[in-house]
Amino acid sequence: MNDLFDALLFPQQLHERHPDPGPFKDSRAYKPHLQREFRRKCVYCRISDGLKGYEGFGVDHYLPKSKFPGLDTTWPNLFYACNVCNTWKGDTVSAPDRFLPNPCAHRMADHLQYQGADIETYTLHGEWLAELLHFAERRNFRDFILAALGQFLALRNELLEDLTAYETRFGKDDLGSLEAAIQETDEELERVERQIELLIGEPIAAAVRLR
């Protein structure tokens with residue numbers, strides 16, 4: 001299920017925005033729409049809000065409203081970002097010789113990518129983003145996420161194998177035990193899959209289908 005780990009990588013393709021759900025007078029009104037737009041993950045570090053919670057995320061202004069007040073509620077200027085990235089990014093803006101990659105204007109994977117818990121940068125722009133947002137210093141948190149995801153995926157595979165084996169394990173005369181075992185395993189499988197979806201920030205089916 002490498003696709004589920006891939007859900008936490010920087011995307012290979014440009015993100016195509018849906019139409020503006022507003023207009024709204026307050027940029028905070030865009031937050032639930034941005035959450036759906038960017039599939040519950042921070043556009044900069046790729047952490048899911050299933051871990052930090054909805055309140056641990058906010059509306060990022062790619063061009064900061066302190067310097068570009070006219071873009072405060074402009075849909076293409078708004079992104080879904082965790083509060084850590086949003087704080088570190090602050091009022092930073094792109095310079096003539098370097099820009100801050102964002103998934104709507106740049107193929108993020110061209111500039112930087114995770115190799116396990118480590119970050120690799122391929123361009124000056126990716127290096128600048130990684131340094132600005134302290135990705136290297138946040139390695140332990142990502143390592144924890146990947147380890148937890150690996151454990152839940154292994155448990156999910158075991159449960160799926162159990163479901164496959166039940167029909168041969170129980171005889172035709174023991175349907176009651178078979179049904180009870182299937183129900184118990186289904187419930188445990190549902191619990192495990194909820195944990196996986198919290199870690200990757202989206203339904204398992206969507207993560208597999210859309211990579």
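Could you tell me whether L71 is of a type outside the set (G, A, S) and in contact with a His (Cβ under 9 Å, 6 or more places away or on another chain)?
Taking the combined requirement at face value, the residue satisfies it.
Can you pull out the residues in segment 46-69 that are in contact (Cβ under 8 Å) with a residue 40 or more places away in the chain and outside any strand (DSSP E or B)?
Those that are in contact (Cβ under 8 Å) with a residue 40 or more places away in the chain and outside any strand (DSSP E or B): R46, I47, D49, G50, L51, Y62.
If P21 meets every condition in (1) within 26 Å of I196 (Cα to Cα); (2) out of contact with any Pro (no Cβ under 8 Å at 6 or more places or on another chain); (3) of a type outside the set (S, T, N, Q); (4) part of a loop (DSSP other than H, G, I, E, B) apart from one, which number is that one?
All conditions pass for P21, except number (1).
In segment 1-49, which residues are of a type in the set (G, A, S) and crowded, with 21+ Cβ neighbours inside 10 Å?
Selection gives A7, S27, S48.
Hey, can you tell me all the residues within segment 59-81 that are touching a strand residue (DSSP E or B) at 6+ places or on another chain (Cβ under 8 Å) and within 14 Å of E37 (Cβ to Cβ)?
Once the filter is applied, which keeps residues that are touching a strand residue (DSSP E or B) at 6+ places or on another chain (Cβ under 8 Å) and within 14 Å of E37 (Cβ to Cβ), segment 59-81 yields V59, D60, Y62, N77, L78, F79, Y80, A81.
Conditions (1) modelled with pLDDT under 95; (2) outside the structural domain of N77 (by TED's automatic domain parsing); (3) among the β-branched types (V, I, T), marked per residue:
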| residue | (1), (2), (3) |
| --- | --- |
| F99 | no, no, no |
| M108 | no, no, no |
| T123 | no, no, yes |
| R169 | yes, yes, no |
| G176 | yes, yes, no |
| A181 | yes, yes, no |
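All but one of (1) farther than 23 Å from A147 by Cα; (2) touching a residue at least 12 places away in the same chain (Cβ under 8 Å); (3) of a type in the set (K, R) hold for R40; which doesn't?
Every listed condition holds for R40 apart from (1).
All but one of (1) polar (S, T, N, Q); (2) outside the structural domain of A205 (by TED's automatic domain parsing); (3) assigned to a helix (DSSP H, G or I) hold for T73; which doesn't?
Status for T73: all satisfied but (3).
Does at least one position in segment 107-115 carry a residue that is over 27 Å from P32 (Cα atoms) and over 20 Å from the mean Cα position of the chain (by Cα)?
Checking segment 107-115: not a single residue is over 27 Å from P32 (Cα atoms) and over 20 Å from the mean Cα position of the chain (by Cα).
The values are calculated or read from the model by the stated rules, or taken from the named source; none is laboratory data. Note that this is a predicted model, so its numbers are computed, not measured. Every residue, glycine among them, receives a Cβ derived from its backbone with ideal geometry; neighbour counts consider all protein chains shown.
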